[in-house]
Each structure stands twice: as C-alpha cells, then as structure tokens.
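The structure under discussion appears below in the form of structure tokens.
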Amino acid sequence: MARPRTFDEERALDAAMRTFWEKGYEAASTQDLCDATGLGRSSIYNTFKSKQDLFERALGRYLDSMTTAHLAILEDSTRSGADRIRALLALVVEDETANRTGGRGPGCLGVNTTVEAAAHETRAAEMLERDTTRRLSALRTTIEEGRRDGSIASARQPIALARFVNAAIAGMRVSSQGGADRAALESIAEITLDALTR
C-alpha cells in the first residue's frame, strides 16, 4: 500500500510545483492546488501539513531537479571549462524558449521565490541559499578548470565570475518571463561567455 501513496505524493508534488511556478506562492490558492493535484483539501492537508509545507517540498524538488541537471553539464570533464558554461547557457535558452506560454518563458521557481518569498519565508530562504552555494561552487570549479585548460581568459576572481554567470542566468530567466525571445536570450548568453573568454 505504501508504493501507490509514494507515487501519488510524487505526482502531487510535481503538480504543486508547476502551480507554484506559474502562479507564485501567495497567488496559488488551496483550490488551485486541489485542481492541479487532483486531491481534495483533506487529502492535501493529511499528506502535507500546510500550504507552506507543500510549497517547501515542491521548491526542494524543483531545486534538486534543476541543479542536478546543471551540475551534470558543469562537471562534464570531457569538455573545456568554457564549453561547459556555453552548454549550460544553451540549456537555459532552450528551456525558456521550448516551454513558452503566451509569448513568455516559464522563468525559474527559485528566482521567483527569491523575489516573492525569501525575505519572509525563512525555510525557503535557507533552501535557496544552499542551492546557490552548490551552483556557485560548481561554476567556480568550472571556471578554474577553464583557466587551466586555456578556454577562460578573464583575469577576474573565479568566485566573482561564478556570481556573474549565476546572475546572468537568473536575468535570462526573468527576461524570458517578460517576453524576451530566443534571439535576445542567445545574445545575453553570448555576451556572458565573452566576458569569460576574452
């Protein structure tokens, strides 16, 4: 009996994650979450303690999924450091342009949460901080390896460049939500890479 419940919880978390991603924490009503998950209110509150608990679990699922995919690219030792960052930026462009609705990209649940809730949601802020630390560490290592392999030429500190790339990716996500098209996002990606390689 435990396996179907686990499966249902995972499916419900995915549906809740998409709802929070689309609407934000505050605007996502309990009814929105019921409609998305196919669960009744009592089932949601029996499975997840509260809307905040459901949100935190959905956010954790999102961050783990996205960061794992990004780290797989950044840790690919068969590519140069610059090629890894180029591939990461290309993935962001692809994600944002392949999943557009009404001429706008989906953006990033992590970025949205930083803007909307991190200042007053301590647990979410902690989750986002841990995720950022993981991302910055991987970017810094990739940049250091790019320096060693000669593909990254910037003399700036690797951690400063890592923060810059991370901020550029967040900016691409927000720009896409605002309606920036593929050409605009590719231009941002190209300039970001130029800052590392020239």
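The values are calculated or read from the model by the stated rules, or taken from the named source; none is laboratory data. Keep in mind it's a predicted model, so treat the numbers as computed, not measured. Every residue, glycine among them, receives a Cβ derived from its backbone with ideal geometry; neighbour counts consider all protein chains shown. Just so you know, the surface numbers come from the protein's heavy atoms only, side chains and all, with ligands and any DNA or RNA stripped out. Shrake-Rupley method; radii C 1.70, N 1.55, O 1.52, S 1.80 Å.
Amide H to amide H under 5 Å from residue 104: which residues, 5+ apart in sequence or cross-chain, H placed 1.01 Å off N in plane?
none
So if I restrict to the alpha-carbon atoms in the range 51-198, what is the Rg, and what is Dmax, the biggest pairwise distance, in Å?
Looking at the range 51-198, its Cα Rg and Dmax stand at 15.4, 49 Å.
Quick check on the range 128-195: take the gyration tensor over C-alpha atoms, sort the square-rooted eigenvalues as a ≥ b ≥ c, and tell me if it's rounded (a/c under 1.5), prolate or oblate.
Oblate shape, in that a/c is at least 1.5 and b/c is the bigger or equal ratio.
Would any residue of the range 88-103 have its amide N under 17 Å from a label point 7 Å out along Cα→Cβ of residue 72? List them or say none.
88-96, by backbone N distance to the label point.
If I model a spin label as a point 7 Å beyond the Cα along the Cα-Cβ vector, how far apart are those points for residue 98 and residue 144 in nm?
3.2
Roll a 1.4 Å probe over the protein chains and send me the accessible area per residue for the range 7-65 in Å².
Accessible surface, normalised per residue, equals 51 Å².
Kindly provide the trypsin sites (Lys or Arg not before Pro) of the range 160-193 that DSSP labels as loop, not H, G, I, E or B, and whose Cβ sees at most 10 other Cβ atoms within 10 Å.
When the trypsin sites (Lys or Arg not before Pro) of the range 160-193 are filtered for loop state and at most 10 Cβ neighbours within 10 Å, nothing remains.
Computed FRET efficiency, Cβ-Cβ of residue 10 and residue 159, R0 30 Å: what is it to the nearest 0.05?
The calculated FRET efficiency here is 0.25.
Which three numbers, in whole Å and largest first, are the semi-axes of the equivalent ellipsoid of the range 1-119 derived from its Cα gyration tensor as √(5λ)?
30, 17, 13
Which residues does a label at residue 198 reach in the range 143-163, if reach means a backbone N under 17 Å from a point 7 Å past the Cα toward the Cβ?
Residues passing the 17 Å test: 151-156.
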